[in-house]
Amino acid sequence: MQCPEDVATARLPAWVVVDEDNLCSDLNNLCSDLEDDEGDTASNAVEVVVRDRQNAYSNALKLKVLEDINAGVSVTKAATLHGIKSRTAVHAWRGREAIIREACNNKKRSKCSVGGQGRKNLFPHCDELIQWIKEMRRDDFPLKTSHVLVFVKEEYSEFTSAYLAKYKEESLGRMMRRIVYQRGFSFRRPTKSVLSTLDLEAEQRKFANEVGSKISATYARWCIFNADETAVYYDDTPTRIISERGAKKGVMIKGRVRSERASVLLIVSATGQKLRPLVIFKGQPGGRVEEEVQGHSDRVMATPGPLAIYVDNLKCHVSTKVQDAFATWGTEVVPLPKNTTSVLQPLDVGVMGPFKQKLRAITLSYELSAIRESNGVPLRERLLKLQRLPAPEKRKRLVERVVAAWDAVSESSIKKAWSKAGQ
């Protein structure tokens, strides 16, 4: 028996059918036959073809094979060079070359699939629905799933009537959410803004032309800064925990209602330079200030030459007293227009997000390293010990994590944030 190259053969003993009425006698005869034929298993074996697991090739590999074929390499040789076992698959790829190229250029697609697979939608008007969603989102309308359901029921009442006759209302909502997700939309938590997207873009262009150009002409790039503060938390009280489904007891954890937080002041320059972060904890009014903190403050503020610093429009940042104090140090305070920090402040545009992501990742690695320090202790005891750390130790670890996360923010990302903010 000849087998292809991509299969293997195995010899299995032959099955024997015996009569239920004469089971004992048949088994005795079978045992005697096996003893007589011991060592000659080939006569009582069946040759079975065992195929290898089907291989899944990435779209990038498929494209390389097709490019070699387009360059003049034969299908057989191209398949051999790239380790493709089936030449038939290569011929199929040649007929779908355009689809494979599109899948390689589309980041939302899978690495191995070309799209179109998965669960099929019963709704026949997907294109019209997506077009309506795009029109609604052009004016920043806060679109919800319920709005989509109202549109479908009004415009395609025949479909919804037939569908709801077989399925529940919840099933129709799940189908609409699947269609929205499959067509490149996502469900995100909205942020409140006084201005629309078009108004924000107009404010950005206006500020860049009127104020940004003057600042760039007056000061060198390394003398232009942006400062902003953000909140960080050193109390690891979770916002969500794992609980039994349907449990009668409430989901409660020990601890104070308020969370332990600190403020971090971040400052970046237009050249991508980062100043050291300043972490501020809540303290006792009138308490003692350590001399080391004051020395650090002197080193930060003692900068030569005139400077310009962009700040948001909080009253404490743009008051006359603050601006006069900065002017004595040769620094001009440039307040941003109200409700525009999302497009005009470089830190908000492209620095705070990566910083918070890196801080979360570093926090997880810090916790894992702290838990692994005493492997001999049960895991529950180590986790409880981590939760019961004293507040000074938690604050110390928070400062270490903030410094490590801030060091991980690259200079190129800061430059891109300034460019995206129009500065």
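Read the figures in this text as sums done on the coordinates, not as results from a lab. A quick note: this is a predicted structure, and the numbers were derived from the prediction, not measured. Neighbour counts run over all protein chains shown; Cβ positions are idealised from the backbone, glycine included.
Ordering of 401-409, 86-94, 368-376 by packing is 401-409, 86-94, 368-376, highest average first (other Cβ atoms within 10 Å, averaged per residue).
Thinking of region 126-182 as a set of Cα atoms, what percent of all their pairs are more than 17 Å apart? Within region 126-182, distances greater than 17 Å cover 34 percent of Cα pairs. Rounded to the nearest 20, the size of the Cβ-charge dipole of region 59-105 about its Cα centre is 180 debye, with Lys and Arg at +1 and Asp and Glu at -1.
Take each peptide in 353-363, 411-421, count the other Cβ atoms within 10 Å of every residue, and average; sorted highest first, the result is 411-421, 353-363. Thr271 sits among other residues whose Cβ lies under 9 Å from its own Cβ, and their net charge, with Lys and Arg +1 and Asp and Glu -1, is +1. Within the same chain, lysines fewer than 8 places from Lys77 are excluded, and of the rest, those with a Cα less than 17 Å from its Cα are Lys62, Lys64, Lys85.
Rounded, prolate or oblate for region 69-227? Axes are the square roots of the Cα gyration tensor eigenvalues, ordered a ≥ b ≥ c, and the cut-off for rounded is a/c under 1.5. Oblate is the answer for region 69-227, as a/c is 1.5 or above yet b/c matches or exceeds a/b. In sequence order, region 135-150 has phi-based couplings of 5, 5, 7, 5, 9, 6, 5, x, 6, 10, 4, 4, 5, 5, 5, 4 Hz under the Karplus curve 6.51 cos²θ - 1.76 cosθ + 1.60, θ = phi - 60°, and Gly or Pro positions carry x. Over all other residues within a Cβ to Cβ distance under 10 Å of Leu347, the charged ones net out to -4, with Lys and Arg as +1 and Asp and Glu as -1. Annotation: lysines with alpha-carbon distance below 18 angstrom to Lys282 (same-chain offsets under eight excluded): Lys394, Lys396. Each Lys and Arg Cβ is given +1 and each Asp and Glu Cβ -1; about its Cα centre, region 136-237 then shows a dipole of about 440 debye. Near Ala227: Cβ cut-off under 12 Å, other residues only, Lys/Arg at +1 and Asp/Glu at -1. The net charge is -3.
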